[in-house]
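First up is the structure itself, then whatever we jot down about it.
Please treat every number below as a calculation from the coordinates, not as lab data. It should be emphasised that the depicted structure is a prediction, and the values quoted were computed from it without experimental measurement. Note: ideal-geometry Cβ built from the backbone for every residue, glycine included; neighbour counts use all protein chains shown.
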C-alpha cells in the first residue's frame, strides 16, 4: 500500500512538471532566434585621383588655304609654269591614337564630377594636289593631341556614364611641295592649333581600383596664318615662294580642323574612401 502511494505521488508530480513545461513553451514566440545581419558588400566609390592609358582611332578633316600673301589679292602670275593660287585645301584622314590620361573625380550621392588632362600620339596625315596648280602638292599632318576637360557624370554603383568638355590642342604641320622645270621647293610649317572638345564615355569598375571604358570625343581646332619658306633648289622658285627679289612669299591661312576620336580606356584609381553597402 505504501509503495502504491509513492508511485501515485511520483506520477502526479511528473504530470504537473509536464504541464508547466507545456505552458511555458506555449508562451514562447514562434521564432525563438534572430537572423544574423547580412555581410556588408564593399561598394565602389569613384572619388579619388586616377591615371590611365587610352588607345583607339581618330578621323580628321582639314580645310585651309595656300596662297600668295598679297594685299587684297589672292593670286598673281609667275613666269614659266607657275601661278601662285588662292588654293583651297580640303582633306580627310584616318589614323590610330595611343596615349594616357590623369585626373581627379569626386562623388556625391550618385553624381560624379571631375577634371582630366590627356595626351595622345597619332599619325593623321593627308596629301592632295592643288586644285588650281597640279604642280603643287599640299600636305597636312597632326602628330599629337592634348586636352584639358571638366566632367560630370552619373554612377550606378560600378557603372559610370559621363560627359566632358573643355580645351583641345594639337601640333599641326602643313607643307606645299612644288616641282617644275624650275626645280623643286618645299615649304613646311609647324603650328599649334587651339580649340575646344566635347565628348561622352561609359566606364565600369571591375575592382575597387581598376576600371575599363569607352569614350567618344569631337574636337575643333583653328590656327592663324603663317608666311615664309624653307628649302628650295631654284633661285627662281625662291623669288616666288620666299619673298625674295621683290616677290611676295607663300602663305597658309584659315586652317580649320575637325577631329573625331573613339577610344578604349583603362584607369587605375588611387585609394579613395571604402563604402560598406548592405
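With a ≥ b ≥ c the root eigenvalues of the C-alpha gyration tensor of the stretch 84-135, is it rounded (a/c under 1.5), prolate (a/b larger than b/c) or oblate?
prolate
As a footprinting exposure proxy, order 46, 156, 196 by other Cβ within 10 Å, with the fewest listed first.
The fewest-first ordering by Cβ neighbours comes to 156, 196, 46.
Can you sort 157, 175, 58 by how many other beta carbons sit within 10 Å, fewest first?
In increasing order of surrounding Cβ atoms, one gets 157, 175, 58.
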